Amino acid sequence: MKKRKIIIYGGSFDPPHKGHFKLLRAAIKEIKPDKVYVVAGWRSPFKNFPFASYRDREKMFRMGAREFKLRGAARLVFHPFEYKRKKTTYTYQIIDYFSLKHPRAQLFFLMGSDCLNSFNKWKKHKLIIKKAVLLVGKREGFLPEIGLSPPVVFLKDVFPKISSTEIKRDLFIEGFSKNVSASVLRHMEQKKLYLSHMRKWLKLNLNPERFKHCKETMRLALDLAAKHGIDAEKAATAALLHDAARDFGEKKLKVWASKNKEKIPFFQSIMKNEPLLFHSHMSADMARNKFFVKDKDILSAIRYHTVGAAQMSVLGKIIYISDMAGKDRDAIFPSAVSKKSNARGYAAAIRKKAFLNIDKAFFFALKCKMEYMIKEKKWMHPRSYIIYQTLFKKTHE
Ligand SMILES: [Fe+2]
Ligand SMILES: [Fe+2]
């Protein structure tokens, strides 16, 4: 009797994108399976931080699959095996489960060739190839090495390498990715995923220059987050919302601050000297109450992006720096305020430092801001002086 063929396709699918569907479509065409199991990865939920839930990822996968006409080609089953376990699951456990479920079927585990070179390091990888055939799509830039030991079936086509990280970056900054299907994009908007609702509100309510500034702040924040091991969604949320209240005008900011003065250190001084500074507190308040951001790290990064804080997290420093030194600041502050920045403008100098050492870059940014304020005869928040002095002492001890 001919063996039933089953394809197992695992991944985080966060979000499902065209690369996934192209690979699966080719696999279905060549293998002609009786069944396809799509196993979406369980993702450890961040404390109080929303992300695309398992159900949303399933829904988006089904929508994309329909758009790519995958449904009729084989029986596509979105299997909750990993989701139900609620913990990190290794591929060998998935294969083990399905081989017990279908003892007489031939199992194919679908993957891209970018994962193949490290396959021998996967946990219990020998068990995987004992029970399943690796079905591999060749990816540009990751063509297979000769002399591989596992039994591998290569699909005929070469598939473009599409990275979920890049897609999320495009979604956060531009609200769009050419690698995401139209129906999936629509679902993201409807369900307020990947920060789409925040972007939409800001685009409508901030002036165009400010919105551009938020995007540039986010662009730098995402690069720095990747460099310093900070979660991209957290960095993007803080950067996107940091100036949410910035365009409300002095009158509205003053009214809001007067109602919330117990939450604002140096309230009287700010009221007297620079009421626009209230915007960072009001933006944090909006993040919490309007957009339901509960993550304390994100909220304090927004709250202290103007003045700084005594104890600042890496995310806080990233947002402080990205606000000051995004590409949009090159034109605003073209002249160097520090001799060390070699007349390239301080934004570029801070950017460069931030990729090397975030603490030193924060200190340098604080110093640049102080020099600028003195030069422009602007009022400086007392807390910035205190932080600067503390950091100065630390670095000169
Ligand atoms: Fe701001
Ligand atoms: Fe800003």
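Using only side-chain charges placed at the Cβ, +1 for Lys and Arg and -1 for Asp and Glu, the dipole size of the chain relative to its Cα centre rounds to 1180 debye.
Ordering 289-302, 81-94 by mean Cβ neighbour count within 10 Å, with the highest value first, yields 289-302, 81-94. The Cβ shell under 9 Å around residue 321 holds other residues with a net charge of +2, Lys and Arg each +1, Asp and Glu each -1.
Taking the Cβ of each residue in 152, 180, 136 as the centre, tally the other Cβ atoms inside 10 Å and list the residues starting with the fewest. It would help to have the intermediate numbers written out before the result.
On the way: 152 16, 180 23, 136 26.
Placing the least packed residue first, the sequence is 152, 180, 136.
Near residue 161, the amide H atoms lying under 5 Å from its own belong to 140; only residues 5 or more places off or on other chains count, and H is placed 1.01 Å from N. For the chain, the longest principal axis of the C-alpha atoms and the axis of helix 346-356 are separated by about 50°.
Of all lysines in the structure, those lying under 17 Å Cα to Cα from residue 360, and not within fewer than 8 positions of it along the same chain, are 227, 317, 339, 340, 352, 369, 393, 394.
Taking the DSSP beta bridges with both ends in the stretch 67-226, the antiparallel portion is around 10 percent. What shape does the stretch 5-163 take by its C-alpha gyration tensor, where a ≥ b ≥ c are the square roots of the eigenvalues and a/c under 1.5 counts as rounded, a/b above b/c as prolate, and the rest as oblate? Rounded, because the longest to shortest axis ratio a/c is under 1.5.
Residues whose amide H falls under 5 Å from that of residue 124, counting only those 5 or more places apart or on a different chain, are absent, with hydrogens built in the peptide plane. Look at the alpha carbon pairs under 8 Å that are at least 6 residues apart: their mean separation over the length of the chain gives a relative contact order of 12 percent.
In the stretch 207-395, Cα pairs under 8 Å separated by at least six residues give a relative contact order of 21 percent.
We did not get these values from a lab; they are worked out from the coordinates using the rules stated. Just so it is clear, the model here is predicted, and its values are computed rather than measured. Note that we place each Cβ from the backbone using ideal geometry, even for glycine, and neighbour counts take in every protein chain shown.
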